[in-house]
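> Please find one structure pasted underneath; my questions will follow.
The values are calculated or read from the model by the stated rules, or taken from the named source; none is laboratory data. What you see is a predicted model; the values in this text were computed from it and never measured. Virtual Cβ from ideal backbone geometry, glycine too; neighbours counted across all protein chains shown.
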Amino acid sequence: MHPIMVIFRKEVRDAVRSRWMVVFALTFGIVALVLSLVQASSDNISVQGFNRTTAALTNLSLLLVPLLAFVIGAGAIAGERERGTWTMLLSQPITVRQLMIGKFAGLVVAIWATIALGFGGAGMVVALVSPITDVGHYVMFSALSAILAAATLSIGMLISVFSDGRLKALSQAMVVWFVLVVLYDLAAVGLALTFSASGRSLLIAVLANPVECVRIFFIMSLEPDVDVLGPLGSYVINEVGRGTAISLIAGVLVLWIVIPLTVAISVARNHDA
Amino acid sequence: MLTVTGVTKRYGKLNAIENVDFSLAAGKVLAVIGPNGAGKTTLIKCLLGLVRFDGTVLVDGIDVGRDGHRARAKIGYLPQNPAFHADLTVAETALFYADLKSVSASRAHDGVTAVGLADHAHKKVGELSGGMRQRLGLAVAMLADPPLLILDEPATGLDMSARLELRRLVAEQRTSNHAVLLSTHWLEDVPYIADDVLALDRGKSVFFGSTKDSVAVTASASQLYIRVDGENTHAVELVKHVAPESVVTVMGDWIIVSCLASEKAKIVEHLVVAAIKVLDIRVEEAVSGQATFTLPTQVDGR
């Protein structure tokens, strides 16, 4: 069996056995369900209701998915180093690249499974209450959540290789999560209002943050006039337009997955075990 | 099997290993000795490609610096404190490492049995004692029947019977034409185990050669504590006569003898023959940090 596959299998098995997957799946599911049912009752279970529900779930996903992926990614390497298992693994016939790709693949699949269980379970319950007329948006929401998970896991692993302890890595990941998820949108809008930023600079601001990329991508997949997904998105849609932005954001999201992981591998290679 | 040329490892301005050269042929056992902090573990990490270093390490002709994972396929490594994933069972751990080494599941099972852990196969690694973890580490190191076995302080924490078992295992490897490199600061084991000795001191190679040429290196001092019935005076005189090179001091009831490890039994035997009643004996084996190196061949100070 290829070493990447061996590590991948171990990571998936560890995730299934550990409690984090169940805890996060239940959290995702319960919060999503409550949010969906509240939205459905306020909209009298209309067609637009499901659309709004999906939009609300996206905001929830933009908060929770990066949180999960950052935490898991930050612990991935620093935890192994702290336990001494990193050295033990690297003393085997495996390269740093194979080890890290195997870990990334196993963890991202475990996170996807958690998202699928949580949001998927909630989606099925909502479908029982409300007739599904908007499956496409829900599928889009799930796919974007998966991409966001991969990008933020990749950043989490980059944080992990730079940290010399698991706790330090986790606290650094929390700071990055707060900046990217909570602070960024507000700060960007503030700057835009202060300096009357151009569409181009706002687009760069969006691309510099994978969470914003996903948010804007989803705005474009819904309706441009939906106002529940944040002010930065509205700016970009108005200034740049849908067509130009959509392909650029999709490409940049792929880069957000590939680049942090590649840098993490390079750093780990040059780091003594 | 193993050729090491000009290996240097620096941590900032500190030279942890400085320009070390040696070689190890198949069917031979090399003991790397030196006090704590001499650089034994760092050298082993260089051999495995776990740290970046200057110089060249060839394992069966494969350059560790360039092709580390291929070289490691030929190495079985037992670290001083083997660290495994605590939530895996013994059997799962052996299987996981067997997969990494492309070894069959039955081989993993046999490895666990060979080190006497078959009854603990379903126990989680986190529940194992230190000695059991060491045995699991040995099973993992030997999974792929590697032509080069590297053991870092394998005798640490082992009782005498386990140390004898270790000697047997190393002898078996030699018989199978496998090379073994082991680091130790317990010098007494060296003449029984190794063909060659590499002595390190503060990262520098101070001796490399045959064990036979390095009796002075390996014949270390032991601390022998003896309590006898009655007056110590006669016993002290006798000890000085039997082992004239030894240092004898008296502390309360105890006679403390610093002597060559090989002289311990002779001293006790003479006391018994002289009808001196020996009430108690304790032995502290010297480690290389306490031993005085009197090297037959001094390496040119590198």
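> List every residue pair whose Cβ atoms sit under 6 Å apart, with the two residues 6 or more apart in sequence or on different chains, where the first one lies in segment A:140-152 and is among the polar types (S, T, N, Q) and the second, anywhere, is in a helix (DSSP H, G or I).
These pairs meet every condition: A:145/A:61; A:145/A:65; A:145/A:115; A:152/A:66; A:152/A:69; A:152/A:70.
> For segment B:140-167, give me each residue that is of a type in the set (A, V, I, L, M), more than 20 Å from residue B:41 (Cα to Cα) and modelled with pLDDT of 90 or more.
Going residue by residue through segment B:140-167, those that are of a type in the set (A, V, I, L, M) are B:140-144, B:148-151, B:155, B:158, B:160, B:162, B:164, B:166.
Next, from what is left, pick out any that are more than 20 Å from residue B:41 (Cα to Cα): B:143-144, B:160, B:162, B:164.
Once the filter is applied, which keeps residues that are of a type in the set (A, V, I, L, M), more than 20 Å from residue B:41 (Cα to Cα) and modelled with pLDDT of 90 or more, segment B:140-167 yields B:143, B:144.
> Taking the condition surrounded by 13 or more Cβ atoms within 10 Å (Cβ to Cβ), touching a helix residue (DSSP H, G or I) at 6+ places or on another chain (Cβ under 7 Å), among the aliphatic types (A, V, I, L, M) and modelled with pLDDT under 85, does residue B:235 pass? Outline the logic, then answer.
Working: surrounded by 13 or more Cβ atoms within 10 Å (Cβ to Cβ): yes; touching a helix residue (DSSP H, G or I) at 6+ places or on another chain (Cβ under 7 Å): yes; among the aliphatic types (A, V, I, L, M): yes; modelled with pLDDT under 85: no.
In short, no.
> Can you name the residue in segment B:29-46 that is among the aliphatic types (A, V, I, L, M) and touching a helix residue (DSSP H, G or I) at 6+ places or on another chain (Cβ under 9 Å) and is also nearest to the other protein chains (Cβ to nearest Cβ) among such residues?
Narrowing segment B:29-46 to residues among the aliphatic types (A, V, I, L, M): B:29-33, B:38, B:43-44.
Among the residues that remain, those that are also touching a helix residue (DSSP H, G or I) at 6+ places or on another chain (Cβ under 9 Å) are: B:29, B:31-33.
Numbers: B:29: 20, B:31: 20, B:32: 17, B:33: 22 Å.
Residue satisfying both the conditions and the ranking: B:32.
> Being of a type in the set (A, V, I, L, M) and out of contact with any Leu (no Cβ under 9 Å at 6 or more places or on another chain) is the requirement here; does residue B:155 meet it? Can you show your working first?
On the way: of a type in the set (A, V, I, L, M): yes; out of contact with any Leu (no Cβ under 9 Å at 6 or more places or on another chain): no.
Answer is no for this residue.
> Name the one entry in A:253, A:167, A:207 that is within 30 Å of residue A:96 (Cα to Cα), within 22 Å of the chain's Cα centre (by Cα), surrounded by fewer than 21 Cβ atoms within 10 Å (Cβ to Cβ) and modelled with pLDDT under 90. Give the derivation first.
Values: A:253 fails: modelled with pLDDT under 90; A:167 fails: modelled with pLDDT under 90.
Checking each option against the conditions leaves just A:207.
> Between a residue in segment A:252-273 that is free of Cβ contacts under 8 Å to residues at least 60 places away in the same chain and within 13 Å of chain B (Cβ to nearest Cβ) and any residue that is assigned to a helix (DSSP H, G or I) and surrounded by 14 or more Cβ atoms within 10 Å (Cβ to Cβ), which pairs come within a Cβ distance under 8 Å, given they are 6 or more apart or on different chains?
From residues that are free of Cβ contacts under 8 Å to residues at least 60 places away in the same chain and within 13 Å of chain B (Cβ to nearest Cβ), the pairs are A:272/B:45.
Table: residues versus (1) assigned to a helix (DSSP H, G or I); (2) modelled with pLDDT of 95 or more; (3) of a type in the set (Gly, Ala, Ser).
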| site | (1), (2), (3) |
| --- | --- |
| A:1 | no, no, no |
| A:21 | yes, no, no |
| A:58 | yes, no, no |
| A:92 | no, yes, no |
| A:99 | yes, yes, no |
| A:115 | yes, no, no |
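> In addition: Which count do you get for residues in segment B:264-285 that are within 17 Å of residue B:241 (Cα to Cα) and in contact (Cβ under 8 Å) with a residue 40 or more places away in the chain? Full working, then the answer.
Residues of segment B:264-285 that are within 17 Å of residue B:241 (Cα to Cα), as a first pass: B:264-276.
With the extra rule that they be in contact (Cβ under 8 Å) with a residue 40 or more places away in the chain, the set shrinks to B:264, B:267-268, B:271, B:274, B:276.
The number of residues fulfilling the criteria is 6.
> Keeping to segment B:51-87, report how many residues are surrounded by 21 or more Cβ atoms within 10 Å (Cβ to Cβ) and not charged (D, E, K, R). Lay out the reasoning, then the answer.
Going residue by residue through segment B:51-87, those that are surrounded by 21 or more Cβ atoms within 10 Å (Cβ to Cβ) are B:53, B:57, B:59, B:64, B:68, B:71-72, B:75-79, B:82, B:84.
Retained after the next criterion (residues that are not charged (D, E, K, R)): B:53, B:57, B:59, B:64, B:68, B:71, B:75-79, B:82, B:84.
Number satisfying all stated conditions: 13.
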